Amino acid sequence: MIKNIGIVLNPTAGRGKAGRIFPQVLSMLHEAGIKTLVEITEFPGQATELAVRLAKNGVDAVVSAGGDGTVNEVLNGLVQLDFPVPMGALGIGTGNDFLKSAGTAKDLTKQVDVIKLGQTRLIDLMRITYCDFEGKTAVRYSVNDFGVGFPAKVSFRVNNMKGALKGAWSYAAAVVTEIRLNKPVHLKLETPEGSFKGFYNMLFAMIGQYVGGGIKIAPMAVVDDGYMDVLFVEQLTRWETLKLLPKAFKGTHLPHPKVTHIKTRELSVNDTQELVYVQGEVIGFTPAHIELLHQKVPFLWPS
Ligand SMILES: [Mg+2]
């Protein structure tokens, strides 16, 4: 049983939804008999250091409260300490893609129950080496996704939108723009299972099944099987993209002749500079190298 948790809240997640509904979440936790210590982020990236501070504070678990970006920042804090306590997540942001693999993304009551019961599952972890915006080699960890091409370009576009365009439809607007531009990326992929080279619309390396706010891109992914599911899509026509996208939401896109799916423990993406996307955020550029660390993250998970 978990009695005492540290929470890292990103109040701006979900365009402010997280901050608005957090008082309700807090009273659900208190009614369940869980004591809480809350740290609130004031700027992007701060959740990482707040997670470290809470983990050193004698709590039974550190829980992210926000969206997938918050999950990733908290994860990258706890990994520095090699997970002295389990990690958990309250999905009150926009996407909550990682919690979709746990089956609790839409149900706050279930998320609170999972925290209270304190059962953990040891989740695989991707260790991603890449090039940051200052041109330096950097390392980021992810429990859900890594993406190049379409997802990175959409996310980059959303983050750089100004004024009236920013809002509920910004993501859809960016998707439409990128489909219209339809610019592929040139990638050279190396894995122990083989090498691939060419023009691709997108590449994903996945631990969880979902990305981009509910796209079931890796329906066969298992969070602790020791493999990442790597999916890449050869250059599509606009029409092919429009036909494939609804299938991807359902996870029925794998038979498409331009979709390749492999399971691997290691992946190098080393060609020209392309944007790199991790759990809702564009973090830098390729070349990138991903190594899978098997069953590394004790995550509060439904039984
Ligand atoms: Mg896996």
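If you rank 161, 87, 1 by fewest surrounding Cβ atoms within 10 Å, what's the result?
Listing 161, 87, 1 from fewest to most nearby Cβ atoms yields 1, 161, 87.
Using unit Cβ charges (K, R positive; D, E negative) and no other charged atoms, how large, in debye to the nearest 20, is the dipole of segment 126-295 about its Cα centre? Could the numbers behind the result be given before it?
Numbers: 19 positive and 16 negative charges, 148 e Å.
About 720 debye.
So who's got an amide H within less than 5 Å of the one on residue 88, skipping anything under 5 residues away but keeping other chains? H placed 1.01 Å off N, in plane.
For residue 88, whose amide H was placed from the backbone, the distant partners under 5 Å are 62, 63, 64, 300.
Could you size up the charge dipole of the chain around its Cα centre, putting +1 on the beta carbon of Lys and Arg and -1 on that of Asp and Glu, and report it in debye to the nearest 20?
Details: 32 positive and 28 negative charges, 181 e Å.
About 860 debye.
Report the local net charge at residue 98: Lys and Arg +1, Asp and Glu -1, summed over other residues whose C-beta lies under 9 Å from its C-beta. Before the final figure, lay out each step's value.
Working: positive: 100; negative: 68, 97, 145.
With Lys, Arg at +1 and Asp, Glu at -1, the neighbours total -2.
Can you figure out the FRET efficiency of residue 225 with residue 252, using R₀ = 22 Å and their beta-carbon distance, to the nearest 0.05?
Values: r = 21 Å, r/R0 = 0.97.
The computed FRET efficiency comes out at 0.55.
Compare the Cα positions of 13, 142, 117 along the charge dipole of segment 1-146 (+1 at Cβ of Lys, Arg; -1 at Cβ of Asp, Glu; about the Cα centre) and return the one farthest towards the positive end.
Ranked along the dipole, the leading option is 117.
Of the options 76, 43, 95, report the single residue whose Cα projects farthest towards the positive end of the charge dipole of segment 4-119 (beta-carbon charges: Lys, Arg +1; Asp, Glu -1).
Comparing the listed Cα positions along the dipole, 95 ranks first.
So which of 17/106; 197/296; 197/250; 56/296 end up more than 23 Å apart, counting from Cα to Cα? Display every interim value, and only then the final one.
Numbers: 17/106 14 Å; 197/296 31 Å; 197/250 28 Å; 56/296 19 Å.
Result: 197/296; 197/250 exceed 23 Å.
Fewest Cβ neighbours within 10 Å first, please rank 98, 199 accordingly.
Numbers: 98 30, 199 12.
The order, fewest Cβ neighbours first, is 199, 98.
Which aspartates and glutamates have a Cα lying under 17 Å from the Cα of residue 243, excluding residues fewer than 8 positions away in the same chain?
Those aspartates and glutamates meeting the cut-off are 178, 234.
With all pairs of different alpha carbon atoms counted, what Kirkwood hydrodynamic radius in Å does segment 187-303 show?
Details: mean 1/r = 0.0662 Å⁻¹.
Result for segment 187-303, one decimal place: 15.1 Å.
Counting C-alpha atoms alone, how compact is the chain: give Rg to one decimal and Dmax as a whole number, in angstrom.
Considering the chain through its Cα atoms, Rg and Dmax are 18.6, 55 Å.
For segment 188-258 and segment 15-85, what is the separation of their C-alpha centers, rounded to whole Å?
Centre-to-centre distance over Cα atoms comes out at 30 Å.
In debye, nearest 20, what is the charge dipole magnitude of segment 4-119 about its Cα centre with +1 on Lys and Arg Cβ and -1 on Asp and Glu Cβ, if you could check? Intermediate results must be reported in sequence, preceding the final value.
On the way: 10 positive and 11 negative charges, 55 e Å.
Approximately 260 debye in magnitude.
Could you line up 274, 234 from fewest to most neighbouring Cβ atoms inside 10 Å? All intermediate terms of the calculation are to be shown ahead of the outcome.
Numbers: 274 20, 234 17.
Lowest to highest Cβ neighbour count: 234, 274.
Modelled label-to-label distance, residue 180 and residue 109, 7 Å Cα→beta-carbon offset: nm?
Using points 7 Å along Cα→Cβ, the separation is 4.4 nm.
Show me the ranking of peptides 56-63, 36-43, 258-265, 275-282 by mean Cβ neighbours inside 10 Å, starting with the highest. Don't jump to the answer; show the numbers that get you there.
Numbers: 56-63: 19.9, 36-43: 14.9, 258-265: 17.1, 275-282: 23.9.
In descending order of packing, they fall as 275-282, 56-63, 258-265, 36-43.
Under 8 Å for C-alpha pairs, at least 6 residues apart: give me the relative contact order for the chain, rounded to a whole percent.
Working: 710 pairs, mean separation 62.5, N = 303.
About 21 percent, as a whole number.
Seen from all sides and averaged, what is the projected area of the convex hull of the Cα atoms in segment 4-119, in nm²? Each step should come with its number before you reach the end.
Working: hull surface 24.5 nm².
Answer in nm², one decimal: 6.1.
If packing is taken as the average count of other Cβ atoms within 10 Å, what order do 218-229, 3-14, 238-249 fall into, highest mean first? Spell out each step's value before the answer.
Working: 218-229: 19.2, 3-14: 22.0, 238-249: 14.7.
Per-residue mean Cβ counts within 10 Å order the peptides as 3-14, 218-229, 238-249.
Given a Förster distance of 25 Å, report the FRET efficiency between residue 291 and residue 56 from their Cβ-Cβ distance, rounded to the nearest 0.05. Don't jump to the answer; show the numbers that get you there.
Working: r = 27 Å, r/R0 = 1.08.
Between residue 291 and residue 56 the formula returns 0.40.
Taking only Cα atoms of segment 133-227, what ratio of Rg to Rh do you get with Rh as the Kirkwood inverse-distance radius? Don't jump to the answer; show the numbers that get you there.
Details: Rg = 15.3 Å, Rh = 15.3 Å.
Rg/Rh: 1.00.
Values quoted throughout were computed directly from the atomic coordinates according to the rules given, and no laboratory measurement underlies them. These figures come from a predicted structure and were not determined experimentally. Note: ideal-geometry Cβ built from the backbone for every residue, glycine included; neighbour counts use all protein chains shown.
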